[in-house]
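Here the structure is laid out as structure tokens; the discussion comes afterwards.
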Amino acid sequence: MASFSIPLSGLDAYAQALSAVSNNLANLNTTAFKSETPQFSDLFYQQIGSAGSGDPVQVGVGSRIGSMESNFTQGSMESTGVNTDVAIQGNGFFVLDNNGLVSYSRAGNFSINQLGYLTSADGALVQGFPATNGVVNPNGTLGPLNVGNGLTSPPNATANVTAGLNLDAGAAVGASFSTPVTIYDALGTSHVATFNFTKTAANTWSFTVTVPAADLGQTGAPVALTTSTNTLAFDGNGVLTTAGPIAVTMPAGDTWADGATVPATLFNWQLTDAAGNPVISQVASPSATSFIDQDGYASGALSSFTVANDGTIEGTFSNGRSAALGQIALAQFANLQGLIRNGNNEYLASIGSGPATIGIPGTAGRGTLSGGALELSNADISSEFTQLIMDERGFQANARAITTFDNITQESLNLIHP
């Protein structure tokens, strides 16, 4: 007697296959979605006898979905220009923490939550290696990444000043020239230090460096800072002969009005460039300043950030400085097919996948990252429609087998009850 269970198992298997294809088609536009391919396998067999040669005569009892394999091939890249979007090029998964539940994802359509942390679309915290004072320790503890606008760059007091100048060799004795230089104290407050030059003799100029009296909590005329020398000398070719640097210090007993710490040397006035060449000259040309360079700056708020190929999040601050905010981590698994799909573009580790091996992008076989881009779904509509037709034909064939078995059963009953 024909067994209805055989075509029924086929119907069930093809129904699951059609569901897999439908799911792939439904996720054609899901960020970083990985398509699935059902793999059929036969069920057990009944031995109904043996051939004259001793070979077994067996009849199968149907089919089933033996496995549902995920296709982890790279999806296409789409540039978005959004700085919170990150795409993985190559192997690896982002590490996410949702209230203690650790999951893994290829989808980098991140956002920033109300506390300034980088999060996935469902609010899970993106994990990485946070920076301390702009330095990332990739061997440190994994944690959430703060990229919020509340971050600030601390101020830095001016320690060195370099001014490119020419003092007019043709100027009369007593002629003067001045140039302002903005410097910063330890609290990031700016002060205008004025460099005043007066020609005292041929090839010789005296100078003072002054700051407004109000900057020192005083009133009246600008206050002269103390300098380790107050004369610049030149040879007959207009080349500076005074050795530098010149130490500039605060007058004894004076402090900045804002209470900023005053170092022993307020700043060093560098008279040469990095190669040791004088930056101050005296030739017969109008006195002028060609450039001013100093290494202090005020505090600044985070204005934007970018993600580098190695996952480093580089922040740019309103004071023109930049610093690392952290580094995004990537996870690898020994067996990708062992991962459990958890929805929301996320996967969970299992015994089959093995534990996650976590590190920085671009190391130990992990892929690199592309900031301002997203990985698209790797489901191919033409392939899925082809598979849809094949699975439909399989389902129809098994349905026809059930109809045939029904006819056979009916004919058998008619033999008993004509």
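The values are calculated or read from the model by the stated rules, or taken from the named source; none is laboratory data. Model, not experiment: these values are computed from the prediction. For neighbour counting, all protein chains shown are included, and Cβ atoms are generated from backbone atoms with ideal geometry for every residue, glycine included.
Based on what the data block shows, is residue 405 surrounded by 15 or more Cβ atoms within 10 Å (Cβ to Cβ) and part of a helix (DSSP H, G or I)? Spelling it out, residue 405 is indeed surrounded by 15 or more Cβ atoms within 10 Å (Cβ to Cβ) and part of a helix (DSSP H, G or I).
Only one of these is surrounded by 14 or more Cβ atoms within 10 Å (Cβ to Cβ), more than 25 Å from residue 203 (Cα to Cα) and not small (Gly, Ala, Ser): 270, 332. Name it. Result: 332 is the single residue among 270, 332 that is surrounded by 14 or more Cβ atoms within 10 Å (Cβ to Cβ), more than 25 Å from residue 203 (Cα to Cα) and not small (Gly, Ala, Ser).
Of the residues making up region 369-418, those that are farther than 19 Å from residue 18 by Cβ and among the β-branched types (Val, Ile, Thr) are 403, 404, 408, 409, 416.
Using the structure shown, decide if residue 210 is within 24 Å of residue 233 (Cα to Cα) and of a type outside the set (Phe, Trp, Tyr). Steps first, answer last, please.
Numbers: within 24 Å of residue 233 (Cα to Cα): yes; of a type outside the set (Phe, Trp, Tyr): yes.
It is true that residue 210 is within 24 Å of residue 233 (Cα to Cα) and of a type outside the set (Phe, Trp, Tyr).
Selection of region 335-380 for residues being under 23 Å from the mean Cα position of the chain (by Cα), of a type in the set (D, E, K, R) and loosely packed, with under 15 Cβ neighbours inside 10 Å yields an empty set. Restricting attention to region 209-243, the residues that are touching a residue at least 12 places away in the same chain (Cβ under 8 Å) and within 25 Å of residue 277 (Cβ to Cβ) total 16.
Scoring residue 168 on the criteria (1) at pLDDT 95 or above; (2) out of contact with any Pro (no Cβ under 6 Å at 6 or more places or on another chain) leaves a single failure, condition (2). On inspection, residue 200 fails the criterion of being β-branched (Val, Ile, Thr), over 22 Å from residue 272 (Cβ atoms) and at pLDDT below 95.
This table checks each residue for (1) among the hydrophobic types (A, V, I, L, M, F, W, C); (2) over 30 Å from residue 117 (Cα atoms).
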| site | (1), (2) |
| --- | --- |
| 153 | no, no |
| 158 | no, yes |
| 167 | yes, yes |
| 171 | yes, yes |
| 176 | no, yes |
| 182 | no, yes |
| 190 | no, yes |
| 197 | yes, yes |
| 201 | yes, yes |
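Restricting attention to region 222-244, the residues being under 26 Å from residue 262 (Cα atoms) and part of a loop (DSSP other than H, G, I, E, B) number 7.
Here's the yes/no breakdown for (1) under 19 Å from the mean Cα position of the chain (by Cα); (2) farther than 20 Å from residue 94 by Cβ; (3) without any contact (Cβ under 8 Å) to a residue 12 or more places away in the chain:
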{"position": "290", "(1), (2), (3)": "no, yes, no"}
{"position": "298", "(1), (2), (3)": "no, yes, no"}
{"position": "310", "(1), (2), (3)": "yes, no, no"}
{"position": "317", "(1), (2), (3)": "yes, yes, no"}
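From the residues in region 49-80 that are within 16 Å of residue 36 (Cβ to Cβ) and among the polar types (S, T, N, Q), which one is surrounded by the most Cβ atoms within 10 Å (Cβ to Cβ)? Ranking the candidates gives 70 first. When 167, 96, 118 are screened for being farther than 27 Å from residue 348 by Cβ and of a type in the set (A, V, I, L, M), only 167 passes. Check off (1) outside the structural domain of residue 260 (by TED's automatic domain parsing); (2) of a type in the set (S, T, N, Q); (3) in a strand (DSSP E or B) for residue 319 and give me the number that stays unchecked. (3) is the only condition that residue 319 fails. Being over 18 Å from residue 3 (Cβ atoms) and acidic (Asp, Glu) is the filter here, so list the residues in region 364-418 that pass it. Of everything in region 364-418, those that are over 18 Å from residue 3 (Cβ atoms) and acidic (Asp, Glu) turn out to be 375, 380, 384, 391, 392.
When the criteria are applied in full, residue 182 fails the requirement of being within 30 Å of residue 293 (Cα to Cα), surrounded by fewer than 19 Cβ atoms within 10 Å (Cβ to Cβ) and at pLDDT below 95. If you take the residues in region 260-288 that are part of a strand (DSSP E or B) and either without any contact (Cβ under 8 Å) to a residue 60 or more places away in the chain or not assigned by TED's automatic domain parsing to the domain that holds residue 189 (or both), which one is nearest to residue 237 (Cα to Cα)? Among those that are part of a strand (DSSP E or B) and either without any contact (Cβ under 8 Å) to a residue 60 or more places away in the chain or not assigned by TED's automatic domain parsing to the domain that holds residue 189 (or both), it is 278. The C-beta contact set for region 125-146 (first residue free of Cβ contacts under 8 Å to residues at least 12 places away in the same chain, second residue of a type in the set (Phe, Trp, Tyr) and surrounded by 14 or more Cβ atoms within 10 Å (Cβ to Cβ), distance under 7 angstrom, 6+ apart or interchain) comprises 137/129; 140/129.
In region 117-173, of all residues being crowded, with 21+ Cβ neighbours inside 10 Å, part of a loop (DSSP other than H, G, I, E, B) and hydroxyl-bearing (Ser, Thr, Tyr), the one that is farthest from the chain's Cα centre (by Cα) corresponds to 158.
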